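Student: One structure follows; several queries about it will come next.
Laboratory data are not the source of any read-out in this text; all were calculated from the coordinates shown. Small disclaimer: the values here were computed from a predicted structure and weren't measured.
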Amino acid sequence: MSGGQQAARSNEHEFRIMLMENERDAARISQFFLSEWSFDDQRHTPGEIEHFRSGPFESLKQMHHKYWYVENEDGDIVGVTSCKENEHRTDGYLWDYLVVHRNYRRFGIAGMLFDALERYIRSINGRYILTYTCDLPEYIPIQRMFQKRGFGLIGRYPNYYYDGEDRIAFYKKLDL
């Protein structure tokens, strides 16, 4: 496989993890984000919708803004994650959106995507990973994943998304 690809297999499926490198795949990722199969919580904020439409394309112009995606054996996108360096460019990274197709959950795709992201950040001597999610019940699985992967809860932004929907932040220090 080329430098941007990794393969994994479950009992029923073979998956390919790819590093997004072109506008065609940026469009596919954008469509996946906006599909009914991506997020359980489909009540996106206006900013999220804009980010889903433009973020993958904008990342192609930025050095340390990367998207990884997983394809099934038919070449359909079934998972996406991304990261980018903090706005101060001080080797801290924001882990943004980890999304797995509803029919492909519990196959280890989220873990494979995170592993690719963390390997990349470590390979460029990143100091930490900062991430966040919503506090609604739909997001409990990702909160558990953060904790399992060594992230600690560091804060809460009350009513961040909508009234009654807090943003909770998690942090992981990377040892070099």
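Student: Relative contact order (percent) for the chain, with alpha-carbon contacts under 8 angstrom and 6 or more residues of separation?
Tutor: Reported relative contact order: 17 percent.
Student: From the mean inverse distance of alpha carbon pairs (Kirkwood) and the Cα radius of gyration, derive Rg over Rh for the chain.
Tutor: Here Rg/Rh amounts to 0.93.
Student: Let me ask something else about it. What percent do you get for the relative contact order of segment 33-127 when only Cα pairs under 8 Å and 6+ apart count?
Tutor: Once divided by the residue count of segment 33-127, the mean separation gives 25 percent.
Student: In addition: In the structure shown, do any of LYS84/LYS172; LYS66/LYS173; LYS61/LYS173 have a Cα-Cα gap over 18 Å, and if so which?
Tutor: LYS66/LYS173; LYS61/LYS173
Student: Let me ask you something else. List the residue ranges in the chain for DSSP H helices whose C-alpha atoms run 20 angstrom or more along the long axis and whose Kyte-Doolittle average is 0.0 or above.
Tutor: Within the chain the helices that satisfy the rule are 109-123.
Student: Quick check on segment 136-176: what does the Kirkwood estimate of hydrodynamic radius come out to from the alpha carbon pairs, in Å?
Tutor: Averaging 1/r across every pair of different Cα atoms and inverting gives 11.1 Å.
Student: While we're on this one: Rounded to the nearest 500 deg cm²/dmol, what is the calculated helix-only ellipticity per residue at 222 nm for the chain, with -39500 (n - 2.57) per DSSP H run of length n ≥ 4?
Tutor: Theoretical 222 nm ellipticity from helices: -8500 deg cm²/dmol.
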